[in-house]
Every structure is written in structure tokens, then in C-alpha cells.
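I have placed the structure first, in the form of C-alpha cells, so that the comments after it can refer back to it.
Please treat every number below as a calculation from the coordinates, not as lab data. A quick note: this is a predicted structure, and the numbers were derived from the prediction, not measured. Please note: Cβ atoms are built from the backbone with ideal geometry, for glycine as well, and neighbour counts cover all protein chains shown.
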């Protein structure tokens with residue numbers, strides 16, 4: 001489960017409640033970054049990890065610096081949770097300047113010195129002595145020119161502070177990074193694409209996000225506009241693709257089955273949705289329909305993608 005929104009408006013208590021609900025549902029891997037939760041997600045996750053240190057694994061990142069939020073805005077975030085649920089107008093008023101301030105402070109830094117400082121800070125915030133996967137956050141091929149950085153990453157793996165390192169960011173940047181900076185690509189994290197084959201980045205551990213961000217909406221729109229296609233596809237898949245939650249469930253299974261040795265990330269602060277996602281992921285009766293849907297998507301991708309969407 002991702003933690004980009006953890007700690008923004010719910011405070012530590014609310015964040016812990018969501019994380020504990022995910023753990024109880026069966027989630028055992030959590031993805032975070034210094035930037036997430038307006039710079040608060042790592043600390044929230046660290047409080048959670050203090051209770052479950054040896055029961056879960058963690059992905060963290062570095063390179064994209066956390067927002068610099070002053071005491072006044074930090075206090076506003078602490079107070080925002082209960083207030084924002086009561087006043088939408090206040091929500092807009094509090095969150096807009098915080099987001100603006102955070103955006104102005106963002107920047108990339110992939111120097112060895114920045115990496116060392118970020119690693120030590122993340123270990124301290126998370127209250128652990130080992131980060132299982134450590135990613136260069138939104139790196140590009142051009143930004144990974146320092147051989148000393150790769151040696152540093154290899155050193156912290158040997159020291160046991162990091163299990164594996166890699167790159168995380170937009171999928172369209174990954175082919176160039178993989179081609180030009182292969183040594184950084186032990187792990188690749190980017191959006192899930194059903195058209196991508198497992199051999200695309202041979203020899204890497206793959207972590208995928210964005211499963212629900214594009215494909216369910218695109219497919220639903222396609223099927224709603226073409227009822228005959230919806231019936232034909234449902235018959236071919238062996239499941240009613242227009243039934244509530246069916247398409248989302250099959251998409252999740254398709255993502256899992258297309259990345260069998262990697263990770264599929266999702267993000268939610270809704271406890272019921274978290275539980276439903278885990279239950280759906282464990283429902284093996286969806287495997288065969290999901291595989292048929294995956295094959296169908298690969299065959300029908302031109303009509304789904306359209307002229308403005310280029311397959312990764």
C-alpha cells in the first residue's frame with residue numbers, strides 16, 4: 001500500500017488507524033517517501049513499524065526533497081483533520097497555501113552526500129535499521145551520471161542498510177534509464193501497463209502502481225459506449241464486465257498475474273476499500289477471467305488507447 005496521503009489531514013492517530021486497518025486486512029508491504037504526506041508520512045509509518053517491525057517490508061525513496069513547511073503550517077496540518085471534515089471551505093483555505101509552499105520547495109538532488117543524509121534520516125524516521133527497497137525518486141537518465149552514487153548504493157546494500165536499490169517514476173522515462181543507466185535498475189517502479197511484457201526490463205524486480213488510475217475508467221467508457229462490445233467481451237472473459245466492482249477486481253488480478261514476482265501498489269485511506277482490495281487480490285476464482293481480460297486488452301489495445309495514448 002502506498003502512503004502518499006498518509007498524515008496530511010488526519011494526524012498521527014488517523015494515519016495509524018488506516019495503517020493498522022491495512023495490516024489487519026493482510027497488507028504486508030508499505031511504500032513511502034520523504035515527500036509523502038507533506039513530509040509526515042515517514043514518521044507516521046515509523047510509529048506503525050514500531051509495532052510491526054519484523055512483520056512487514058518497506059519501500060522508501062530519495063532524491064525528491066521533502067517540502068519545507070514552517071511551524072505555522074505544520075500546526076495547521078495538525079489541527080486540520082477534525083476541522084476539514086466539517087468545513088469544505090476551510091479545507092480549501094488551509095490546503096492551498098500548504099501545497100503551494102511545498103511545491104515551491106521541491107527539488108531533485110542525487111548527489112552521494114544527499115543520498116547519505118536522506119538514508120540516515122529515513123532510517124531514523126521509520127525507526128528501522130534496514131530499508132528493503134530504496135528508490136531514486138523521479139530520476140532521469142541524465143540525472144544518474146555519477147558513478148560514485150552507484151558505488152554508494154552498492155555499499156549500503158553490502159552494509160545491510162538497504163535490501164535493493166532502483167529507480168521510481170514515470171513509465172515513459174524508464175526505457176532510457178534502463179538503456180543508459182542499467183546499473184541503477186535493480187528495481188524499477190512505474191505505472192502498470194497491461195501491454196508490457198515481463199521481459200521488458202529483464203533482470204529487474206518490478207514494482208507497479210496506478211492500476212486503478214487509467215484502465216478501469218477507460219474500459220468502462222469503451223464498454224458503456226458500445227453495449228454489443230460489452231456483451232461480447234463479457235462472454236469472452238467469462239464475467240459480466242458491467243457488474244459493480246467486477247472490472248476493478250479483474251484489473252487488479254490482471255496486474256498481479258502480469259507481475260508475478262513483483263509488487264502491485266494501491267493507495268487508499270478508506271478502510272473498507274483497503275479490505276476489499278486485499279480480499280479481491282486473494283480471490284483465486286478471478287484468475288482465469290483476469291487472464292482472459294489481459295489477453296483481450298492486449299489484442300484490442302488500439303481501440304482502447306486511441307490516437308493520443310501511446311503504449312509504454
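Within a 10 angstrom radius of the beta carbon, how do 301, 258, 234 rank from fewest other beta carbons to most?
301, 234, 258
Where a ≥ b ≥ c are the square roots of the eigenvalues of the C-alpha gyration tensor, would you call the range 171-239 rounded, which needs a/c under 1.5, or, failing that, prolate if a/b is larger than b/c, or oblate?
It is prolate, given that a/c is not under 1.5 and a/b is the larger ratio.
Ranking 211, 27 by Cβ neighbours within 10 Å, fewest first, what do you get?
By the 10 Å Cβ count, ascending, the order reads 27, 211.
Quickly work out the residue 245-to-residue 124 label distance, labels modelled 7 Å from Cα along the C-beta direction, and quote it in nm with one decimal.
So the two model labels end up 4.4 nm from each other.
Sort 214, 178, 62 so that the residue with the fewest other Cβ atoms within 10 Å of its own Cβ comes first and the one with the most comes last.
So the ranking, lowest neighbour count to highest, is 214, 178, 62.
Multiply the residue separation of residue 299 and residue 108 by 0.36 nm, subtract the distance between their alpha-carbon atoms, and state the gained length in nm to one decimal.
Here the answer is 64.9 nm.
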